[in-house]
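The values are calculated or read from the model by the stated rules, or taken from the named source; none is laboratory data. Every value quoted in this text rests on a predicted model; they were computed, and no experiment measured them. FYI the Cβ positions are ideal-geometry reconstructions off the backbone, even for glycines, and counts take in every protein chain you see. Calculation scope for accessible area: heavy atoms of the full protein, side chains included, ligands and nucleic acids excluded. Shrake-Rupley method; radii C 1.70, N 1.55, O 1.52, S 1.80 Å.
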Amino acid sequence: MARPEKIRLGEILVSQKLVSEEQLKFALEEQKRSGRKLGRFFVEQGYATEEQISEAIARQLNIPFVNLKYYNFKPEIVRLLPETQARRFRAIVMEQKGQGVLVGMADPTDLFAYDEIARIVKRDLNLAVVNETLLLATIDRMYRRTDEISGLAQALEAEMDDDTAVDFGSLGQNLALEDAPVVKLLQSVFEDAAQIRASDIHIEPQETRVQIRFRIDGMLHLQTEADPKIASALALRLKLMSGLDISEKRLPQDGRFNVKLKTQSIDVRISTMPTQYGESVVMRLLSQSSGIPSLDRLGFPPEMLKRFRAIFTQPQGMVLVTGPTGSGKTTTLYSVLSELNSVESKIITVEDPVEYRLSGINQVQVNEKIELSFSRVLRSALRQDPDIMLIGEMRDQETAQIAMRAAITGHMVLSTLHTNDAISTPIRLLDMGVPAYMVAMSVRAVLAQRLVRTVCESCVTPYTPIPTELAWLELEMGEAAKSRQYIYGRGCSHCNGTGFQGRVGVYEMMEMTAPLAEAVNHRDPNHFIKIARAQMAGWSLRRHAVALVANGKTTIAEAMRVSNTVEE
C-alpha cells in the first residue's frame, strides 16, 4: 500500500463529533504548555477513549482497526521486526499477506516509522490501526526472552568450562559485574518473568540439567533447561544479592532483595534449600508498581463484602483469613489494612516476612535467629497502644492466645491460619490448645479463600460439560445447570496457550454468631459443624465457584479444582 498521509488528529475527532471545538482548543493550549501528545491528553481528560481515537484514525485513512485483545499472533511473524524497533515505532507485525505483511501501528501516519519498518522487514507494508496500550502489552508478551536466556545459559556454561571460570571471589567483592554472563542471565530471567506476570521463579538443579520454571496464575511453566553446572553460579549470585551466607550450602536460607527493571521495581523474596544435586532456589516476585488492590477488585460477592466490611470496621475482635499457601490471604488482609489506615488509628503488623510496604503503619519483621518471635513481638506491640494489629500467621498456641487476649481487650486483630475451610478454623484453634472461651469471645469472622484462573477473553470458546461436571454443577444449580452456556479457553498467543489469563478470588465467610459461640464453648465439633453448615448455606466456596462458572468467568474443571472441600 502507499505511504500514509499526515493527518491532523484534532480536526478528525471534531469532524467525527468525538470532541468539541472547545475541548480541542483547550487540548491544543495544554499541548503547547506541556508537550504531551494530543491523543493521550484526550484520553486522560475523558474526552474520548483510546479505542475511539484509533477507530477515528482508521476511518480517516480508510485502513482497518484491529482489536489486539482478540488477535492470535504467531511468534515467528512478530519477530520479523526486532523488539527495539517495535517499541520505538509502536508497531507490531501481525501476519503475512501475499508478498507483504500486515503491520499494526498506534500512529500509522508516522512516515519515518513506516519507511524504517519497510526497510527492516524487506516487504510491502499493509497498515492497520491498533490501540497503543494493548500494543505495548502485546509487545511485552510476544518478545519473550527464551532464546536470549538459553544463549546466556550456554555462554555461562562455556565460561565455567574455561580455565578462567567464574571467579566466585571476584563476584563476592564486586556486585556490579554487569558484563558477567551470570548477571546478564539473571537480568533476562527477571525481565521475562515480569513481562508475563510470573509470581515465582524456580531454579532447580537436576541430575542432567538445571531447569528454570515460572509460576503464572498459580501454575508452573518451564522457561528453559541448561547444563547443571551453572546452577551453583546462579545460586551464588542470588545469595550475594540478598546478603545470604555464600559459604553455607548445607542449610536452607531466606532473604530478600530488590531488582530494578526497565519499567518497574520488583521486591524479591528468596528461599534456598539444599537438594541432592545442588541448591534449589525459589523467588517470590512482588511488583512495587502494582500496589495493593482494593477489596472491590478482589472478586468478593457484593453482599459478602458488605458483611465483611461491617465486621472488620468494629473496634475490637478477631478476623481470620484461611487457605493454602499462595491463595492470596496476605493480599486480602493488606487490602483491609488499606481501608482501615488513617491518622486516627495506630496499626502494627508482625510478619515473617513483610511482603507489602504500606505507608502510615508500623511493620515488624520476625527474626527467629535473634529470638524475635511472633509471641515476643506481640507482647511488645501491645505496649505500643495499637488500635489494629495484623499477625502474619498464628503458628503456635502462645501466639494465638496473646492475639486473642488482644482481640478481647479492645483491639481489632487480623491474622491467617492454614485450614481447608472456614468451618474447621475454630476447631483447629481448639486443637492448638487455645481455651474455648477465648475462641468464642474473640473470633468475629473467618474468611476462607482460593484463587481461580479466569478464562482468556481472546480465545473463549463454548463448552459442553461431561456428565461428572454436570452432576457437580447440579449440586448448587439444580436442573438449571442443563440449560446454561459454558465456556473454556482453547489457548492462544495472549495466554501462552493455557486458555487462562489472570485470577480472581473465591470466598466463603462464617460469622461467629451466638449459637456458634455456644457450640465452641461446649467443645462439640460435630454440633458446631452442623450449625455452621446450616448458617453458611449459600455462602460456601463451592457456591461462589459455581457462580463464577455460570457468569462465564472460569471453567467447570477449574472451579472444581479450587473448591474441592467435602460438603454434605
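Which of the residues belonging to the range 288-335 are at pLDDT below 90 and in contact with a helix residue (DSSP H, G or I) (Cβ under 7 Å, 6 or more places away or on another chain)?
I292, P293
Only one of these conditions is not met by M389: (1) closer than 26 Å to V268 by Cβ; (2) assigned to a strand (DSSP E or B). Which number is it?
Tallying (1) closer than 26 Å to V268 by Cβ; (2) assigned to a strand (DSSP E or B), M389 fails exactly one: (1).
Give, as residue ranges, the strands (runs of 3 or more DSSP E) completely inside the range 243-345 that count at least 2 residues that are free of Cβ contacts under 8 Å to residues at least 24 places away in the same chain.
Here the list reads 253-260, 265-275.
Failed condition for D396, given (1) surrounded by 24 or more Cβ atoms within 10 Å (Cβ to Cβ); (2) modelled with pLDDT under 90; (3) over 19 Å from P324 (Cβ atoms), with all others met?
Failed condition: (1).
For the range 408-437, enumerate the residues that are among the small types (G, A, S), in contact with a helix residue (DSSP H, G or I) (Cβ under 9 Å, 6 or more places away or on another chain) and not in a strand (DSSP E or B).
Scanning the range 408-437 gives A422, S424, G433, A436.
Among the residues of the range 496-549 satisfying the criterion of being hydroxyl-bearing (S, T, Y) and under 20 Å from L295 (Cα atoms), which is modelled with the lowest pLDDT?
So, considering only residues that are hydroxyl-bearing (S, T, Y) and under 20 Å from L295 (Cα atoms), the one modelled with the lowest pLDDT is S540.
Farther than 30 Å from R144 by Cα, surrounded by fewer than 17 Cβ atoms within 10 Å (Cβ to Cβ) and out of contact with any Lys or Arg (no Cβ under 9 Å at 6 or more places or on another chain): which single residue out of L13, L18, L28 fits that description?
Exactly one residue qualifies, and that residue is L28.
Among L102, L80, L127, which is the only one that is among the hydrophobic types (A, V, I, L, M, F, W, C), over 20 Å from V43 (Cα atoms) and in a loop (DSSP other than H, G, I, E, B)?
From the options L102, L80, L127, the qualifying one is L80.
Return the residues of the range 479-535 that are within 30 Å of S199 (Cβ to Cβ) and open to solvent by 80 Å² or more (accessible area, probe 1.4 Å); say none if nothing qualifies.
Of everything in the range 479-535, those that are within 30 Å of S199 (Cβ to Cβ) and open to solvent by 80 Å² or more (accessible area, probe 1.4 Å) turn out to be Y488, R490, R503.
Looking at (1) of a type outside the set (D, E, K, R); (2) farther than 29 Å from M283 by Cα; (3) in contact with a Pro (Cβ under 9 Å, 6 or more places away or on another chain); (4) without any contact (Cβ under 8 Å) to a residue 40 or more places away in the chain, which is the one condition that is false for M412?
(4) is the only condition that M412 fails.
If A440 satisfies every condition in (1) under 19 Å from G499 (Cβ atoms); (2) in a helix (DSSP H, G or I); (3) of a type in the set (G, A, S) but one, which is the exception?
Exception for A440: condition (1).
Taking the condition of being acidic (D, E) and free of Cβ contacts under 8 Å to residues at least 24 places away in the same chain, how many residues in the range 415-443 meet it?
1
State the number of residues belonging to the range 38-71 that are over 27 Å from G100 (Cα atoms), outside any helix (DSSP H, G or I) and touching a residue at least 24 places away in the same chain (Cβ under 8 Å).
Looking only at that region, the number is 2.
Filter the range 31-53 down to the residues that are open to solvent by less than 50 Å² (accessible area, probe 1.4 Å) and out of contact with any Gly (no Cβ under 7 Å at 6 or more places or on another chain), then identify the one that is modelled with the lowest pLDDT.
F41
Which ones in the range 216-251 are among the basic types (K, R), surrounded by fewer than 19 Cβ atoms within 10 Å (Cβ to Cβ) and farther than 11 Å from E279 by Cβ?
K229
Does A56 satisfy the condition of being more than 25 Å from Q501 (Cα to Cα), of a type in the set (A, V, I, L, M, F, W, C) and at pLDDT 90 or above?
no
Conditions tested, residue by residue: (1) farther than 30 Å from A137 by Cα; (2) within 29 Å of the chain's Cα centre (by Cα); (3) hydrophobic (A, V, I, L, M, F, W, C).
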| site | (1), (2), (3) |
| --- | --- |
| V439 | yes, no, yes |
| V443 | yes, no, yes |
| E457 | no, yes, no |
| L473 | yes, yes, yes |
| A480 | yes, no, yes |
| Y486 | no, yes, no |
| N496 | no, yes, no |
| Q501 | no, yes, no |
| L516 | yes, no, yes |
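Give V366, V354 a once-over and let me know the one that is at pLDDT below 90, of a type outside the set (D, E, K, R), more than 24 Å from M441 (Cβ to Cβ) and in contact with a helix residue (DSSP H, G or I) (Cβ under 9 Å, 6 or more places away or on another chain).
V366
(1) among the hydroxyl-bearing types (S, T, Y); (2) farther than 22 Å from G328 by Cα; (3) touching a helix residue (DSSP H, G or I) at 6+ places or on another chain (Cβ under 8 Å): which one isn't true of T468, the others all being true?
(3) is the only condition that T468 fails.
Every residue in the range 346-362 that is part of a strand (DSSP E or B) and surrounded by 16 or more Cβ atoms within 10 Å (Cβ to Cβ), please.
Those that are part of a strand (DSSP E or B) and surrounded by 16 or more Cβ atoms within 10 Å (Cβ to Cβ): I347, I348, T349, V350, E351.
Given the criterion within 22 Å of the chain's Cα centre (by Cα) and surrounded by fewer than 16 Cβ atoms within 10 Å (Cβ to Cβ), identify the matching residue among G291, G323, G299.
G291
Among all residue pairs at least 6 apart or on different chains, which show Cβ distances below 9 Å where the first residue, located in the range 72-83, is β-branched (V, I, T) and the second is open to solvent by 40 Å² or more (accessible area, probe 1.4 Å) and not in a helix (DSSP H, G or I)?
Every condition considered, the pairs that remain are I77/E95; I77/Q96.
Only one residue in T425, T461, T454 is touching a Gly at 6+ places or on another chain (Cβ under 8 Å) and closer than 21 Å to K329 by Cβ. Which one?
Criteria check complete, one pass: T454.
Looking at the range 121-140, which of its residues are more than 36 Å from the chain's Cα centre (by Cα) and open to solvent by 10 Å² or more (accessible area, probe 1.4 Å)?
The answer is K122, R123, D124, N126.
From (1) modelled with pLDDT under 85; (2) loosely packed, with under 15 Cβ neighbours inside 10 Å, pick out the condition that doesn't hold for E159.
It is condition (2) that E159 fails.
Has the range 177-193 got at least one residue that is closer than 19 Å to Q223 by Cα, open to solvent by 50 Å² or more (accessible area, probe 1.4 Å), among the β-branched types (V, I, T) and at pLDDT 85 or above?
no
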